[in-house]
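These notes are about the structure you will find just below.
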Amino acid sequence: MEEKQTCCICGCEFTGYGNNPFPLSNTGRCCDECNGKVIEVRIGEATGEIKRRDFRELLNEFYDGKTELGLYTSTNENNEQVIVEITNEYLKTSVFQGNGWIRINIYHKDHTTEELYER
Ligand SMILES: [Zn+2]
């Protein structure tokens, strides 16, 4: 019998080898379903629609009003893989928690932050 693994993105159990979850996570393996999302992001990176950037630089540029709006992939201060969305009002990071929940951190222009969780 094949050994069960836990998906590092959604937390489900799967058998088999699994998939490399980068850039949605940098630990463990992910299930085939989550691999669909991983591939979408990789295609975005390959076409330049999603840019990979240093997180500190992105945040500083956002506070200075210099950053380009759009989607980015990055590694945050806790060494977690994050998807970064930048709008005129806020910078939002999403981290896949490995239990099905996504942790969202919102950085506002006035340097206040919010944290919330989504499924
Ligand atoms: Zn999964």
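Take residue 36 and tell me if it is over 16 Å from the mean Cα position of the chain (by Cα) and without any contact (Cβ under 8 Å) to a residue 24 or more places away in the chain.
So residue 36 fails the test.
Do we have residue 84 as out of contact with any helix residue (DSSP H, G or I) (no Cβ under 9 Å at 6 or more places or on another chain) and assigned to a strand (DSSP E or B) here?
The answer is no for residue 84.
Identify, please: which residue in the range 53-64 is in contact with a Phe, Trp or Tyr (Cβ under 7 Å, 6 or more places away or on another chain) and without any contact (Cβ under 8 Å) to a residue 40 or more places away in the chain and is, among those, farthest from residue 107 (Cα to Cα)?
53
Residue 44: modelled with pLDDT of 95 or more, within 21 Å of residue 9 (Cα to Cα), small (Gly, Ala, Ser) and crowded, with 16+ Cβ neighbours inside 10 Å, yes or no?
Considered against the rule, which asks whether it is modelled with pLDDT of 95 or more, within 21 Å of residue 9 (Cα to Cα), small (Gly, Ala, Ser) and crowded, with 16+ Cβ neighbours inside 10 Å, residue 44 comes out as yes.
Could you tell me whether residue 117 is hydroxyl-bearing (Ser, Thr, Tyr), exposed (fewer than 13 other Cβ atoms within 10 Å of the Cβ) and either touching a strand residue (DSSP E or B) at 6+ places or on another chain (Cβ under 6 Å) or not in a loop (DSSP other than H, G, I, E, B) (or both)?
Answer is yes for this residue.
Applying the selection to the range 21-40, what residues are more than 9 Å from the ligand (Cβ to nearest atom), at pLDDT 95 or above and surrounded by fewer than 14 Cβ atoms within 10 Å (Cβ to Cβ)?
Once the filter is applied, which keeps residues that are more than 9 Å from the ligand (Cβ to nearest atom), at pLDDT 95 or above and surrounded by fewer than 14 Cβ atoms within 10 Å (Cβ to Cβ), the range 21-40 yields 36, 39, 40.
So for the range 65-73 (the condition being outside any loop (DSSP other than H, G, I, E, B), free of Cβ contacts under 8 Å to residues at least 24 places away in the same chain and of a type outside the set (Ser, Thr, Tyr)), does at least one residue qualify?
Yes, there is a match, as at least one residue in the range 65-73 is outside any loop (DSSP other than H, G, I, E, B), free of Cβ contacts under 8 Å to residues at least 24 places away in the same chain and of a type outside the set (Ser, Thr, Tyr).
When you scan the range 1-20, how many residues do you find that are in a loop (DSSP other than H, G, I, E, B) and either within 10 Å of the ligand (Cβ to nearest atom) or closer than 17 Å to residue 70 by Cα (or both)? Don't jump to the end; show me each part of the working.
Restricting attention to the range 1-20, the residues satisfying the condition of being in a loop (DSSP other than H, G, I, E, B) are 1-3, 7-12, 16-18, 20.
Retained after the next criterion (residues that are either within 10 Å of the ligand (Cβ to nearest atom) or closer than 17 Å to residue 70 by Cα (or both)): 7-12, 18.
Final tally of qualifying residues: 7.
Go through 72, 63, 17, 107 for me and flag whichever is surrounded by fewer than 16 Cβ atoms within 10 Å (Cβ to Cβ), of a type in the set (Ser, Thr, Tyr) and either in contact with a helix residue (DSSP H, G or I) (Cβ under 8 Å, 6 or more places away or on another chain) or modelled with pLDDT of 95 or more (or both).
63
The values are calculated or read from the model by the stated rules, or taken from the named source; none is laboratory data. Bear in mind the structure is a predicted one, so any value in this text is a computation, not a measurement. All Cβ positions, even for glycine, are placed from backbone atoms using ideal geometry, and neighbour counts span all protein chains on display.
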